[in-house]
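Only one structure is covered here, and it is reproduced in the block below.
FYI, it's all coordinate maths here, none of it is from the lab. Everything quoted here is computed from the prediction, not taken from an experiment. Note: ideal-geometry Cβ built from the backbone for every residue, glycine included; neighbour counts use all protein chains shown.
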Amino acid sequence: MNYKSKLPNVGTTIFTVMSALANEYNAINLSQGFPNYTGSQKLNDLVTKAMNNGYNQYAPMAGNLDLRLAIGHKYELLYKSSYHPEKEITVTAGATQAIYTIISAFIRLNDEVIIFKPAYDCYAPAVEINGGKTISVQLSAPHYSVNWDEVASKLSSKTKMIIINTPHNPSGTIWSEDDMLQLQKLTQNTDIIVLSDEVYEHIVFDDTQHLSACLFNDSKQRSFITASFGKTFHNTGWKIGYCCAPENLMSEFRKVHQFNVFSVHHPSQKGIADYMQDSETYLGLNAFFQRKRDLFLSLISESRFKVQPSKGTYFQVLDYSEITDAYDVDFAKRLTKEFKIAAIPLSVFNDNHKDDKVLRFCFAKTDETLVKASEILTKI
């Protein structure tokens, strides 16, 4: 057959590569971002109860109303910000589907989208498959701070969207109030849409507040916020997420959503809605994951890796520059094959594979796994 690929430069993701290596060499897998412990039995029971109570047919296209009401309540509780549950909240098949659908609804041929690298790997392909072009702003280890003069220089009449991600995967950093205000200033009085990927909103450390786009009035009017129940409730395989946006933007989103997904698993939605009636189910996550971060860092404190403690997400970046000057992809593969521990090299998310000699480790693992991993890392 004779066809032309719409994504000619996309191959196997680094997540698949490293997990396959971890399986092949029986290595501890701290590469992919998923927990290796079970989620809440109460939540499982509530989803089963929803099945037994008949929530087995299509959910409403925008999502189960009880769940949308619970999401709306969460925004009022955490951010004193409101989203109308019927008009401004849509339940999606994970945050990735929400991101893809937002981009598909608004990005046309030759439109430009600004992304910050290292960037999660679903952003650029979604832009490219819709005929758009990504304009990248490269961030550098260890602080990954934004040069806002550079951002301003890259804005043009073709800029239709800016994608932000805080807390940030893969670096584990978070945006400051100044960052959010600079973003608001640059987009004010424009038609630029902000896509704010906030899937790790409940995982921030050291008494720091997550600064959602909805906290900034002008930004809120132009922003989609995407989130993930898989990340929040330790069930990434359920692929349940949502997005929030003003009604005028959400109506365009739903035009696409109804044809590429329509609706997502109904009993999971109902179970999550009932589970969220207790706000501690998500308010307690910061402390839960900070304990894991602190445990991991204390266990590797005698290693040769240099550490800038993660400020959010369940990822920790480690600098290996005092160990070797090897290319990070090569070093990650060597760690997996020889030392039996798998991590993610960050260069694959950077412009021109910029190599800062850092690897990303996931600490959303059992304490036993973290102890075993640290024993390996301290010997390298």
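Structure above, values below:
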quantity: Karplus 3J(HN,Hα) series, Hz, for the range 311-321 with 6.51 cos²θ - 1.76 cosθ + 1.60 (x for Gly, Pro); calculated: 9, x, 6, 10, 10, 10, 8, 10, 8, 9, 5
quantity: Computed E for Ser176/Thr12 - FRET, C-beta separation, R0 30 angstrom, nearest 0.05; calculated: 0.25
quantity: Cut-off under 5 Å, modelled amide H: who pairs with Tyr55 long-range; calculated: none
quantity: Antiparallel bridges, percent of DSSP beta bridges restricted to the range 41-278 (to nearest 5); calculated: 30 percent
quantity: Peptide ranges 4-11, 341-348 listed from the most packed, as the mean C-beta count within 10 angstrom indicates; calculated: 341-348, 4-11
quantity: Pairwise label distance in nanometres, Ser140 with Ser5, each label 7 Å out on the Cα-Cβ vector; calculated: 3.2 nm
quantity: Order of Arg254, Arg291, Arg222, Arg360 - criterion: other Cβ atoms within 10 Å of each residue's Cβ, fewest first; calculated: Arg291, Arg254, Arg222, Arg360
quantity: For His353, His143, order by how many other beta-carbon atoms lie within 10 Å, fewest first; calculated: His143, His353
quantity: The range 116-260: C-alpha gyration tensor shape, a/c 1.5 cut-off, then a/b vs b/c; calculated: rounded
quantity: Radius of gyration, Dmax [the range 36-148; alpha carbons; angstrom]; calculated: 18.8, 53
quantity: Ranked packing of 191-198, 107-114, most packed first, by mean Cβ within 10 Å; calculated: 191-198, 107-114
quantity: Extension gain (nm, one decimal) between Leu77 and Ser298, 0.36 nm per residue minus Cα-Cα; calculated: 76.2 nm
quantity: Likely footprinting exposure, Ser310, Ser212, Ser153, Ser81, fewest C-beta neighbours within 10 Å first; calculated: Ser153, Ser81, Ser212, Ser310
quantity: Karplus 3J(HN,Hα) series, Hz, for the range 264-274 with 6.51 cos²θ - 1.76 cosθ + 1.60 (x for Gly, Pro); calculated: 10, 3, 5, x, 5, 4, 5, x, 5, 4, 5
